[in-house]
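The values are calculated or read from the model by the stated rules, or taken from the named source; none is laboratory data. Just so it is clear, the model here is predicted, and its values are computed rather than measured. Positions of Cβ are backbone-derived with ideal geometry, glycine not excepted, and every protein chain shown enters the neighbour counts. Surface areas here come from the heavy atoms of the whole protein model, side chains and all, with no ligands, DNA or RNA. Shrake-Rupley method; radii C 1.70, N 1.55, O 1.52, S 1.80 Å.
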Amino acid sequence: MRVVGLMSGTSYDAIDAAAADLALDGDTLVLTPLGMISTAYEKGLRAELAGALPPAATDLATVCRLDTRIGQAFAAAAVRADLELCDGRSDLTASHGQTVYHWAGSGRVYGTLQIGEPAWIAEATGRPVVSGFRTRDVAAGGQGAPLVSVFDVMWLRGRLGVPVALNLGGIANVTVVADGAGGAPLAFDTGPANALIDAAVRELAEGAAPGGARSMDVDGVLAARGTVHPGLLRKLLDEPYYALPAPKTTGKELFHLPYLRAALDTCGPLSAEDVVATLTRLTARTVADAVRPFGATEVIASGGGTRNPVLMRWLREELGGGVPLRTSDELGLPSGAKEAYAFAVLGWLTVHGLPASLPSCTGARHPSVLGSLTPGAAGRSLPAPLATAPVRLVLRAPGASP
């Protein structure tokens, strides 16, 4: 089955579309990557989305407009991925949508909202669409995140020691495939990855580097030129979220620009470079602090943060020499496409009637078949349900022999 996975994360800069050929071989799901395309949000749409996200106030007219326009943008990405990556022969689209609010508090998640109406995708492609993955897990008492944990566990199962999968998007999340005693897997958000760094760059760094205004610290240039401010770092590390037990989840509802401004107000004037350096160290420190108690023997990173050499260098320092830090690319999975491939797998599980959540990772009362199905054109049938789920996932290079 050829599945297109669509993903736009908490950095909301682009829609990633990854196509995978998925086939079951006994208890193993074989994933053949067919490639990825990335489509930047149109500038006006991204600005409207940014203006509607917490802590900003918004209205239902704006929500309706964004739900429609983002759905249309996802539809265009799906059509392009079908044509360019699947030769027009995809069978299914799995759309994560765009998270606009994750209603969390006191260690619980009460609701979650991802927009990008899937009917636009189904209409444009003619293929069925699975969407709305997170809500069912929340309804079952879970955090609704990190849902990539089921992918991580199948993918990394069997590696020696205690492998930890790390995603460095707007928010950082980890999956501990097994603890030191070989117990159940665990997954949680560690805190900000790029969220506060990006907010600082947009707010403070205009003109601080060649090219003028920026939306991210490209190649870690600003962090490399700055000095970590101990007082600001201590203030940020006092955030109560870091001390909460897993499973737990967070987002830009907490780690946003006003949050950063409040911390800066306690420290006096700082250069943009020093602020970005401090926030980069914060990400490295909080990720390392989060995985250390589990006896991690390797950390396998993916996401946009892997392209920041300063963040990766400091994360290696924080982890210490005994814990190798590598990227998913080294294991054959493009780091920029991993989450899109993960949601392709979640979509495959859903249409085969299989649970795609792990209660030990999300805190749900039980595993659930995730998402809602939007039918495709007439004649696009779904596969028969499977009685048992695959227990591992392997990657196969395109053209490789079975």
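Scan 106, 90, 8 and give me the residue that is of a type in the set (Gly, Ala, Ser), in contact (Cβ under 8 Å) with a residue 40 or more places away in the chain and farther than 26 Å from residue 216 by Cβ. Show your work before the answer.
Numbers: 106 fails: in contact (Cβ under 8 Å) with a residue 40 or more places away in the chain; 8 fails: farther than 26 Å from residue 216 by Cβ.
Going through 106, 90, 8 in turn, just one is of a type in the set (Gly, Ala, Ser), in contact (Cβ under 8 Å) with a residue 40 or more places away in the chain and farther than 26 Å from residue 216 by Cβ: 90.
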Checking the condition touching a residue at least 24 places away in the same chain (Cβ under 8 Å) and farther than 30 Å from residue 273 by Cβ, which residue from 311, 325, 386 passes? 386
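Consider residue 175 carefully, then state whether it is surrounded by 21 or more Cβ atoms within 10 Å (Cβ to Cβ), hydroxyl-bearing (Ser, Thr, Tyr), farther than 24 Å from residue 285 by Cα and modelled with pLDDT of 95 or more.
Numbers: surrounded by 21 or more Cβ atoms within 10 Å (Cβ to Cβ): yes; hydroxyl-bearing (Ser, Thr, Tyr): yes; farther than 24 Å from residue 285 by Cα: no; modelled with pLDDT of 95 or more: yes.
So residue 175 fails the test.
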Unmet requirement for residue 31, which otherwise passes all of (1) open to solvent by 50 Å² or more (accessible area, probe 1.4 Å); (2) in contact with a Leu (Cβ under 6 Å, 6 or more places away or on another chain); (3) not acidic (Asp, Glu): (1)
Can you report the number of residues in the range 77-106 which are more than 23 Å from residue 134 (Cα to Cα), part of a helix (DSSP H, G or I) and open to solvent by less than 70 Å² (accessible area, probe 1.4 Å)? 5
Looking at (1) under 22 Å from residue 169 (Cβ atoms); (2) open to solvent by less than 50 Å² (accessible area, probe 1.4 Å), which is the one condition that is false for residue 383? (1)
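Yes/no matrix, rows are residues, columns are (1) at pLDDT 90 or above; (2) surrounded by fewer than 18 Cβ atoms within 10 Å (Cβ to Cβ); (3) closer than 24 Å to residue 312 by Cβ; (4) in contact with a Cys (Cβ under 6 Å, 6 or more places away or on another chain):
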{"position": "222", "(1), (2), (3), (4)": "yes, no, yes, no"}
{"position": "225", "(1), (2), (3), (4)": "yes, yes, yes, no"}
{"position": "231", "(1), (2), (3), (4)": "yes, yes, no, yes"}
{"position": "236", "(1), (2), (3), (4)": "yes, no, yes, no"}
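Out of curiosity, is residue 145 buried (at least 20 other Cβ atoms within 10 Å of the Cβ), modelled with pLDDT under 95, closer than 17 Å to residue 346 by Cα and aliphatic (A, V, I, L, M)?
The answer is yes for residue 145.
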With the checklist (1) closer than 23 Å to residue 349 by Cα; (2) part of a helix (DSSP H, G or I) in hand, flag the one item residue 36 doesn't pass. (2)
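Return the residues of the range 44-73 that are more than 23 Å from the chain's Cα centre (by Cα), under 26 Å from residue 122 (Cα atoms) and either modelled with pLDDT of 95 or more or surrounded by 15 or more Cβ atoms within 10 Å (Cβ to Cβ) (or both); say none if nothing qualifies.
Pass one, the range 44-73, residues more than 23 Å from the chain's Cα centre (by Cα): 44, 57-62, 64-65.
Keeping just the survivors that are under 26 Å from residue 122 (Cα atoms) gives 44, 60-62, 64-65.
Result: 60, 61, 62, 64, 65.
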